[in-house]
Amino acid sequence: MILVRGKKLELSFRIAITLLIICLFIWAYFEGAFQFIKDNPGDLIILLQQHVKIVGLSAMLAVAFAVPVGIFITRPRFKKYDWIVINFANIGQTIPTLAVLALIMSYLGIGYTTAVFSLWLYSLLPILRNTVVGIKSVNPSIIDAGKGMGMTSWQILWKLELPNALYAILAGIRTSIVINVGSAALAFLIGGGGLGDLIFTGISLYDTGIMLSGAVPVTLLAITLDFLLGKLEKIIIPKGLQRNEEAV
Amino acid sequence: MIEFKNVSKIYESGNKQVKAVDNVSLHIEKGQICVFLGPSGCGKTTLLRMVNRLIPISNGSIFIDGKDISKLNPIELRRSIGYVIQQVGLFPNMTIEENISVVPNLLGWDRAKIKKRYNELMEMVGLDPEEYRKRFPWELSGGQQQRIGVARALAADPPVMLMDEPFGALDPLIRERLQNEFLRIQENVKKTILFVSHDIDEAIRLADKIAIFKSGQLMQHGTPDEILSNPKNDFVRDFVGSDRELKRLTLFTVKDLISKIDHFQKRTTRNDYHDFVVKVNTDLRTTLSVVLSSPTGNAWVVDEKDRRIGLLSLDDFEIVTDIHTKKLKPIVNQG
């Protein structure tokens, strides 16, 4: 019953979001955003490429760093201290992206590297937190059974902990990438390029059309990535753990 | 087969020492089920988990087949011991077949052998191998899950099994069915089994030997009959309950009783022709209940083919218990 109600809520939420996005597109159409895109397809493609590059590179580096660190601090030896990392990650999340950008800029100067570095730093936290929480919330009786059956700690990690925490880890990655797509628009402010170029140019020129010709592709990019990562989850999460979706 | 020698487990909490297991010495023979019995916190689970070295031993040593386990590689030791826990602990990310094949895989068996073993084990625990092969643990009921848990522990045919309240989380009906199946399996596989329980009835039903613990100390070690008929101290007496004589009756069947009665077959009188009957393989507790509900105070014993063998009366029970009805009568009459 509760499940059904939850499903209904989710469905109405999805419809509301979709309507909102359609409104955005209609607005963008009447403000001439699509006309601008049609007139300058080359610009848009270059900026989109820059945007994807910043997001992709920072996300990849973040995954490559945060997941191993998350695994490392959930090892029995360090388990006592993982709350420090979780608290650090939670507090870190409250610092605005713009502030992170400004801080990093004062050390690394302006440009593409700074943009990638700041976004990397910012996307670490959700991934790190979800990895730690995901591994920690694996049912201890599973680990006990594995250990008692003679699995080495390496086998426990690869065959039990990671597969069972995968849902949480992938959710962290998905969240962080989607947020990243939006945050990457700020990269323009420190000379990192990307679709923020159009958005901020539009704002300074009081030209809503130009602004939306940047904002609409950013939105579409975020939605597309979210969709693709959702599909990826379905493929790589073990089937035995996907019961919630199948049950409905 | 398994020997505990002065085994202790001491936990330090601040500057206080807590003895979870206190100087336990115990010997378990090959092919027997020894039930560790006691209230929670008595150290029975700790003692069990020391056998596969999930908990390190503070003092003393444990020998399996004469080998000191502290000198063995813990990983290899655990792979040679079946392990079943109350929470079952099936791996949710693996199919039933993968779950059962975990230890054979760890031991590097070849595929054909693992597949054959899977089929064998599923037949043994009474589940259809094909139906469950590709299914996942969450699709199974609690009873089915624990059957898989037992099958998984038996997979590599380990000589020793450790079972930590395996049937504790199941409802009484399913629990009893699994206990009976477990006994049937044990008759074929003849493993040396350490079985933790807090349920005296379960212990009586399953155990060859019972070891009763209280705050880390071994109170009594003996057959269920010894424990029930001759509890060593007040703790054991309280723990087994004041109905221990009735419980003891569950250890015997009608067959055991009538084998001790001379000329049993000739006993009959004309007016004893009623419908209170018990089969020869019924346990004596149930039989007593039938006899007590019979208006004449006796019941017919029938064989497997429902042929009446003879008449059993309340007085016969004094052979196996301390109830002496004949001696009791004069006392009652005097009163």
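Here's the yes/no breakdown for (1) touching a helix residue (DSSP H, G or I) at 6+ places or on another chain (Cβ under 9 Å); (2) more than 14 Å from chain B (Cβ to nearest Cβ); (3) over 30 Å from B:N52 (Cα atoms); (4) hydrophobic (A, V, I, L, M, F, W, C):
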residue	(1), (2), (3), (4)
A:M151	yes, no, no, yes
A:Q155	yes, no, no, no
A:N164	yes, no, no, no
A:R174	yes, yes, yes, no
A:I177	yes, yes, yes, yes
A:G182	yes, yes, yes, no
A:A185	yes, yes, yes, yes
A:L195	yes, yes, yes, yes
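Residues to consider are B:M124, B:M163; find the one that is touching a helix residue (DSSP H, G or I) at 6+ places or on another chain (Cβ under 8 Å) and crowded, with 19+ Cβ neighbours inside 10 Å.
Exactly one of B:M124, B:M163 is touching a helix residue (DSSP H, G or I) at 6+ places or on another chain (Cβ under 8 Å) and crowded, with 19+ Cβ neighbours inside 10 Å, namely B:M163.
If you go through the range B:7-24, how many residues are out of contact with any Gly (no Cβ under 8 Å at 6 or more places or on another chain) and hydroxyl-bearing (S, T, Y)?
Total meeting the criteria: 2.
Can you name every residue in the range B:47-88 that is of a type in the set (V, I, T) and either free of Cβ contacts under 8 Å to residues at least 60 places away in the same chain or in a strand (DSSP E or B) (or both)?
Residues satisfying the conditions are B:I55, B:I57, B:I62, B:I64, B:I69, B:I75, B:I81, B:V84, B:I85.
Let me confirm something: among A:T131, A:T97, which residue is surrounded by 20 or more Cβ atoms within 10 Å (Cβ to Cβ), in contact (Cβ under 8 Å) with a residue 40 or more places away in the chain and away from chain B (no Cβ under 13 Å)?
A:T131
So B:F136 fits all but one of (1) within 30 Å of B:N23 (Cβ to Cβ); (2) within 11 Å of chain A (Cβ to nearest Cβ); what number is the exception?
The failed condition is (1).
How many residues does the range B:215-236 contain that are more than 22 Å from B:I28 (Cα to Cα) and either in contact (Cβ under 8 Å) with a residue 24 or more places away in the chain or crowded, with 16+ Cβ neighbours inside 10 Å (or both)?
Of the residues in that region, 1 qualify.
Working only within the range B:34-81, note down all residues that are polar (S, T, N, Q), farther than 27 Å from B:P231 by Cα and within 14 Å of chain A (Cβ to nearest Cβ).
Residues satisfying the conditions are B:N52, B:N73, B:S80.
Quick one: B:D171 ticks every box in (1) more than 13 Å from chain A (Cβ to nearest Cβ); (2) surrounded by fewer than 16 Cβ atoms within 10 Å (Cβ to Cβ); (3) touching a Ser or Thr at 6+ places or on another chain (Cβ under 9 Å) bar one, so which box is it?
The failed condition is (3).
Please go through (1) in a helix (DSSP H, G or I); (2) under 30 Å from B:I10 (Cα atoms); (3) modelled with pLDDT under 90 for B:G168 and return the number of the only condition it doesn't satisfy.
Just one mismatch for B:G168, condition (1).
Does B:A153 meet the test of being surrounded by 22 or more Cβ atoms within 10 Å (Cβ to Cβ) and either within 12 Å of chain A (Cβ to nearest Cβ) or part of a helix (DSSP H, G or I) (or both)?
yes
Among the residues of the range A:139-149, which ones are at the interface with another protein chain (Cβ under 7 Å from one of its Cβ atoms) and crowded, with 19+ Cβ neighbours inside 10 Å?
A:I142, A:A145, A:K147, A:G148, A:M149
Identify the single condition in (1) surrounded by 22 or more Cβ atoms within 10 Å (Cβ to Cβ); (2) under 21 Å from the mean Cα position of the chain (by Cα); (3) over 21 Å from A:I237 (Cβ atoms); (4) modelled with pLDDT of 90 or more that A:S176 does not satisfy, given that it satisfies every other one.
(3)
Does B:F252 qualify as being in contact (Cβ under 8 Å) with a residue 60 or more places away in the chain and over 13 Å from B:A203 (Cα atoms)?
Judged against the criteria, B:F252 is a match.
May I ask you to list the residues in the range A:148-186 that are of a type in the set (S, T, N, Q) and either more than 27 Å from B:L48 (Cα to Cα) or outside any helix (DSSP H, G or I) (or both)?
Answer for the range A:148-186, where residues must be of a type in the set (S, T, N, Q) and either more than 27 Å from B:L48 (Cα to Cα) or outside any helix (DSSP H, G or I) (or both): A:T152, A:N164, A:T175, A:S176, A:N180, A:S183.
Of the residues B:I258, B:I323, B:I331, B:I309, only one is at pLDDT below 65 and surrounded by 12 or more Cβ atoms within 10 Å (Cβ to Cβ); which?
One residue alone meets the criteria, B:I323.
So which pairs qualify, if the first residue must be in the range A:22-40 and surrounded by fewer than 12 Cβ atoms within 10 Å (Cβ to Cβ), the second must be modelled with pLDDT of 85 or more, the Cβ gap must be under 8 Å, and the two must be at least 6 apart or on different chains?
That search, which allows pairs on different chains as well, returns nothing.
Are any residues in the range A:83-139 aliphatic (A, V, I, L, M) and farther than 22 Å from A:V63 by Cβ, and if so, which ones?
Result: A:L98, A:A99, A:A102, A:L103, A:M105, A:I110.
Residues in the range A:199-245 that are in a helix (DSSP H, G or I), over 20 Å from the mean Cα position of the chain (by Cα) and either more than 14 Å from chain B (Cβ to nearest Cβ) or not aliphatic (A, V, I, L, M) (or both): how many?
Residues in the range A:199-245 being in a helix (DSSP H, G or I), over 20 Å from the mean Cα position of the chain (by Cα) and either more than 14 Å from chain B (Cβ to nearest Cβ) or not aliphatic (A, V, I, L, M) (or both): 17 in total.
The values are calculated or read from the model by the stated rules, or taken from the named source; none is laboratory data. A quick note: this is a predicted structure, and the numbers were derived from the prediction, not measured. As a convention, Cβ positions derive from the backbone with ideal geometry for all residues, glycine included, and neighbour counts pool all protein chains shown.
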